[in-house]
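The values are calculated or read from the model by the stated rules, or taken from the named source; none is laboratory data. None of these values were measured; they are calculated from a predicted model. Cβ: placed from backbone, ideal geometry, glycine included. Neighbour counts: every protein chain shown. For accessibility, only protein heavy atoms count, side chains too; no ligands or nucleic acids. Shrake-Rupley method; radii C 1.70, N 1.55, O 1.52, S 1.80 Å.
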Amino acid sequence: MVIKPIIKGVVARSAHPLGCQEAIRRQIAYCQSAPQIQNGPKTALILGASSGFGLASRISLAFGGSEADTLGVSFERGPSEKGVGTAGWYNNIYFKQAAEQCGIKAINLIGDAFSQKLRQQVIETIKTELGGKVDLVVYSLASGIRPKPNTNQFWHSAIKPISSPVHGTSINIEQGELIETTLPPASEQEIHDTIKVMGGEDWSEWIALLNEAGVLAEGSKTVAYSYIGPKATYPIYHHGTLGQAKVDLHNKADAIYLQLQKLGGEAHVAVCKALVTKASVFIPGFSPYILALFKVMKEMGLHEGCIEQTQRLFNSKFYTATREAITDDNRLIRLDDWELRDDVQQAVMTLLSQITPDNFKQIGDYDGYLSDFLQLNGFGFDNIDYQQDISMDFLKNLTP
C-alpha cells in the first residue's frame, strides 16, 4: 500500500514508518555533531519517550555524548486493520534499532503510564535490565486525560482562558486556513481538572514511587518540560488553564527537589521555546505567534527544534562542569532565553500585527510550520519515496 498523510483539523491520522526512521536518523546525526554532554547520566527513564521533547531527550542522552542506556515509556498503537499505527510506534522501533547498533541499551514499554501495572513493570525492568537504578528521570507525558485513582472516571483538561473570553486565530492544517476562534473562560472545575492532568502531581507520584522502590541512584536528577512564553500569549497560555497547570508543575518541582536532595540529586523544570508539537497545534490562538516567531528566529540564526533544545539543555545547562544546573531566580532552566530576547520579541510583535487570514502563508513561516507538523508523522522528507509500496506484513514484523 502507498501511505499518504491523512489530516483531520490539526490531527494526523496516518504515519509513514520510513519517514519516522529518517527523522530519527537526522536527530541522531545532529546530536553526534553538536557540542557533547559531559558528566551525563548512564541510565535514564523517559516517561513519554516516543515524540516531542521526550523522544528528543532520549536521542540526546544516547547519542549526544552520554551514551546513556534508556528505558522509554509511551502509549502508542501499532499496525492493524484500522491503519498503519502511530508515528510514536515507529519512533520507538527505529530509535531502539539505532541505539543497539551502537551498543547502547534501549528498552521500550508500551502502555498507560498512569496505571499501577505499568509503574510496577517499570520498576522491575530497572531492576532487571538497567542495573537496578537510574541516574535521570525525564518527565514528558502529554495527555488530555488522566484517570482518577481507584475509579473508572477521568480528569479531562481544557485549554481555555480564565475570567474572560479570548478572541484570536488558529491554523486549520487540514484546510490550510487561518480561522477566527473565540474561547469562553474556563469553569472552576475545568481549571481544577486541567491542573490534575497537566500539572505536576503525576510527576511527583512517579518520583515518590521510584524512590520508595529504591531504583533512584545517588545523585539522581529529574526534569520536566514547560512553557511560559511572551506577554502576547499570556491570555491563552500563561494566564489560562495551561498556565495554571504549569505553575503547579513548577511548584511540584520544588517539593521533588527537596526529596531528591536526600540522595544528593536535583529536580528542575526546563522552560522551552515555542515549537510545533502534537500538543501545541491544539492551542487556539497560538499558531500565528509560532508563524511569526519561526520567521524571525530563522532570519536571526536562532531557531531551534526539539532536538536542538534538548541537546543544549543537557550539554550546557543541566549537566555542567560544576555539576549544578544553570537556572533563573525561580530555579527554572530557561531554554526560552533566545525566544524572549528583546530584539526577537520586538520583531515578532511587528510581524504578528501584520498577519491576516489572507496573508499568513506569505508573512509568517507557514512552510516551516507545516513541514514540522508533517515530519512529526514521517512525512515531508525530501529523500523518502512516498509513492513506494509498503507491505503490512513488513510493518507487523517491526516490534518496539
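Would a scan of segment 160-169 turn up a residue that is open to solvent by 40 Å² or more (accessible area, probe 1.4 Å), within 17 Å of Ala113 (Cα to Cα) and in contact (Cβ under 8 Å) with a residue 24 or more places away in the chain?
The answer is no, given that none of the residues of segment 160-169 is open to solvent by 40 Å² or more (accessible area, probe 1.4 Å), within 17 Å of Ala113 (Cα to Cα) and in contact (Cβ under 8 Å) with a residue 24 or more places away in the chain.
Touching a residue at least 40 places away in the same chain (Cβ under 8 Å) and in contact with a strand residue (DSSP E or B) (Cβ under 6 Å, 6 or more places away or on another chain): which single residue out of Leu302, Leu370, Leu313, Leu291 fits that description?
Leu313
Restrict the check to segment 13-24 and report whether at least one residue is part of a loop (DSSP other than H, G, I, E, B), touching a Ser or Thr at 6+ places or on another chain (Cβ under 8 Å) and in contact (Cβ under 8 Å) with a residue 40 or more places away in the chain.
Checked segment 13-24: at least one residue is part of a loop (DSSP other than H, G, I, E, B), touching a Ser or Thr at 6+ places or on another chain (Cβ under 8 Å) and in contact (Cβ under 8 Å) with a residue 40 or more places away in the chain.
Would you check if Asp389 is touching a residue at least 24 places away in the same chain (Cβ under 8 Å), open to solvent by 50 Å² or more (accessible area, probe 1.4 Å) and of a type in the set (Asp, Glu)?
yes
Among the numbered criteria (1) within 18 Å of Asn172 (Cα to Cα); (2) buried (at least 18 other Cβ atoms within 10 Å of the Cβ); (3) out of contact with any Phe, Trp or Tyr (no Cβ under 7 Å at 6 or more places or on another chain); (4) not aliphatic (A, V, I, L, M), which one does Phe360 miss?
Unmet for Phe360, out of (1) within 18 Å of Asn172 (Cα to Cα); (2) buried (at least 18 other Cβ atoms within 10 Å of the Cβ); (3) out of contact with any Phe, Trp or Tyr (no Cβ under 7 Å at 6 or more places or on another chain); (4) not aliphatic (A, V, I, L, M): (3).
For residues that are without any contact (Cβ under 8 Å) to a residue 24 or more places away in the chain and open to solvent by 50 Å² or more (accessible area, probe 1.4 Å), tally how many sit in segment 325-340.
Within segment 325-340, residues that are without any contact (Cβ under 8 Å) to a residue 24 or more places away in the chain and open to solvent by 50 Å² or more (accessible area, probe 1.4 Å) number 3.
Could you please give the count of residues in segment 27-60 that are free of Cβ contacts under 8 Å to residues at least 60 places away in the same chain and either in a helix (DSSP H, G or I) or open to solvent by 10 Å² or more (accessible area, probe 1.4 Å) (or both)?
Selection size over segment 27-60: 3.
Consider only pairs whose beta carbons are under 7 Å apart and that are at least six residues apart or on different chains; among these, list those whose first residue lies in segment 272-284 and is closer than 23 Å to Thr327 by Cβ and open to solvent by less than 10 Å² (accessible area, probe 1.4 Å) and whose second residue is in a loop (DSSP other than H, G, I, E, B) and of a type in the set (Ser, Thr, Tyr).
These pairs meet every condition: Cys272/Tyr227; Ala274/Tyr227.
Among the residues of segment 129-136, is there at least one that is of a type in the set (Gly, Ala, Ser) and farther than 29 Å from Glu190 by Cβ?
yes
Within segment 35-62, which residues are closer than 22 Å to Thr277 by Cα and hydrophobic (A, V, I, L, M, F, W, C)?
Leu45, Ile46, Leu47, Ala49, Phe53, Leu55, Ala56, Ile59, Leu61, Ala62
Exactly one of these conditions fails for Thr181: (1) over 24 Å from the mean Cα position of the chain (by Cα); (2) part of a strand (DSSP E or B); (3) closer than 30 Å to Asp69 by Cβ; (4) of a type outside the set (D, E, K, R). Give me its number.
(3) is the only condition that Thr181 fails.
Tell me, which residue of segment 61-90 that is open to solvent by less than 10 Å² (accessible area, probe 1.4 Å) and of a type in the set (A, V, I, L, M, F, W, C) is nearest to Thr320 (Cα to Cα)?
Among those that are open to solvent by less than 10 Å² (accessible area, probe 1.4 Å) and of a type in the set (A, V, I, L, M, F, W, C), it is Leu61.
Would you pick out the residues in segment 247-265 that are of a type outside the set (Gly, Ala, Ser), surrounded by fewer than 22 Cβ atoms within 10 Å (Cβ to Cβ) and farther than 30 Å from Gly168 by Cβ?
Asp254, Tyr257, Leu258, Gln259, Leu260, Gln261, Lys262, Leu263
It is to be established whether one or more residues within segment 107-129 are modelled with pLDDT under 95, open to solvent by 80 Å² or more (accessible area, probe 1.4 Å), touching a Ser or Thr at 6+ places or on another chain (Cβ under 7 Å) and outside any loop (DSSP other than H, G, I, E, B).
No, segment 107-129 contains no residue that is modelled with pLDDT under 95, open to solvent by 80 Å² or more (accessible area, probe 1.4 Å), touching a Ser or Thr at 6+ places or on another chain (Cβ under 7 Å) and outside any loop (DSSP other than H, G, I, E, B).
Counting only residues that are modelled with pLDDT under 90 and more than 18 Å from Ala292 (Cβ to Cβ), which one in segment 175-202 is surrounded by the most Cβ atoms within 10 Å (Cβ to Cβ)?
The residue in question is Leu183.
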